[in-house]
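Here the structure comes first, spelled out in structure tokens, and everything after it is commentary.
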Amino acid sequence: MVSWSTIQTFLVLLGPIIYSRGKAFYQSTKLRGPPKALTPGTHRILNILFVTGIVALLSTLPTFAPENIFQKTGSRLQIPTDTLFHRLSKIRDVTPDDEILRARLASREARLTYANFGPKPLVECSWCSPEEANTYLFYALPTLALPHLLHIAVLGIVTSSYFSPFGSVWRTQATVAGLALFLVELYFVGVSTSDHDANALAKLPADIVWTHWRLNLWRGVGIAFVDAWLGYVIFLTGTGRWTAGLDGLQAQEKLETLNKASELVYAKLHSENFLRQTVLRNKDLREKSFEFWAAEERAGKEIMLDEEVKSVRANLTLNITQLTEGAAQKSEGMLNTINTWRGLPAEVPQTSPAQPLTAAS
């Protein structure tokens, strides 16, 4: 066991580093700009995850769980078999499956197996033996794996690129989470012996750990939790609130955008070249084209020879010259002021190239 003082020491040493790294990561994933609207494919993913989560929660209801005759009759695990089924007969009619269960609950190990695997393996498995607990595990394994296989299949569907590229970003994490749920349940049923040992020492009905029924509850809650988590992160990714891990997806989107733009430019150039070739190969169109450009050239020359245009161009040239001279004088004045502040002699202003000095001056 790790002492509390050791945990405090690690928190003091590593706490600031973890906090700074976590804060930097959070800042890198913050939304920059307004959130984006969810695509129809992302809406379908969220609807599927919502439905599967609700079904998983409904599966935890006692109605869908197998009957526990010990809890139904309020009996201890060590109760005599005849007394147990006598109590059961007062509550409901005894069925043929109950008769099979009566014959197989005679031993202590069979009752511990009942608490661990439920009534189905004891009733249906003809080659299983209480002395070999693994035989019941092998028989119950398909039943244990079926809900998780269906859940992993749903996770694979919603994280495929068919619906939305945002779901495929979380494909690995979702698959690992689904497998982890199955491995955890398999550990408690087939590997861990803590519940078995506790039941072997239990004296009261309240002390019995009904592993099969408890895992039926936690399985549904775990599947619903994974679906809710996956739906939440896909929602964040689809609306642009979460950008971590989207570098490859963003690069792919940019490449697709550039590819579409280049295809559009190529199509326009191809159309223009086709139109030009058509004009040059047709005599009438070629002559009309030459006439058009000749008329454009003549109109341009006539505009440039117009007196008003000449006057505007001359005034524009004069204004540019005046602006250049004014800027030079301002800059020389600023330099002289700076030199005066520094205690240096002022520079002699240069003669403007537009007004050269003559010998008479």
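The values are calculated or read from the model by the stated rules, or taken from the named source; none is laboratory data. All values reported here derive from a predicted model rather than from experimental measurement. Cβ sites come from the backbone with ideal geometry, for glycine too, and all protein chains shown count toward neighbours.
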Inset, instruction - Check whether at least one residue in segment 199-207 is touching a helix residue (DSSP H, G or I) at 6+ places or on another chain (Cβ under 6 Å), at pLDDT below 90 and assigned to a helix (DSSP H, G or I), and report yes or no. - result: yes
Legend entry - Tally of residues being modelled with pLDDT of 75 or more and aromatic (Phe, Trp, Tyr) across segment 1-38: 1
Legend entry - First in segment 97-109 and over 15 Å from Pro130 (Cβ atoms), second anywhere and of a type in the set (Phe, Trp, Tyr), Cβ under 8 Å, 6 or more apart: Asp98/Phe85
Inset, instruction - Considering each residue of segment 247-283, count those that are at pLDDT 70 or above and in contact with a Pro (Cβ under 8 Å, 6 or more places away or on another chain), and give that number. - result: 0
Legend entry - segment 212-245, subset among the β-branched types (Val, Ile, Thr), at pLDDT below 90 and assigned to a helix (DSSP H, G or I), residue farthest from Thr113 (Cα to Cα): Thr237
Inset, instruction - Taking the options Glu308, Glu332, Glu347, Glu325, name whichever one is modelled with pLDDT under 75 and over 30 Å from Phe274 (Cα atoms). - result: Glu347
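Could you list all residues from segment 61-75 that are buried (at least 17 other Cβ atoms within 10 Å of the Cβ) and touching a Leu at 6+ places or on another chain (Cβ under 8 Å)?
The answer is Ile69, Phe70, Thr73, Ser75.
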Legend entry - Members of segment 178-236 that are among the aliphatic types (A, V, I, L, M), surrounded by fewer than 19 Cβ atoms within 10 Å (Cβ to Cβ) and either in contact with an Asp or Glu (Cβ under 9 Å, 6 or more places away or on another chain) or without any contact (Cβ under 8 Å) to a residue 40 or more places away in the chain (or both): Leu179, Ala180, Leu183, Val184, Val191, Ala198, Leu201, Ala206, Val209, Leu236
Legend entry - Given (1) buried (at least 16 other Cβ atoms within 10 Å of the Cβ); (2) over 30 Å from Leu38 (Cβ atoms), index of the condition Leu141 fails: (1)
Inset, instruction - Select from segment 39-65 the residues that are over 23 Å from Ile234 (Cβ atoms) and at pLDDT below 90 and list them in ascending order. - result: Pro62, Thr63, Phe64, Ala65
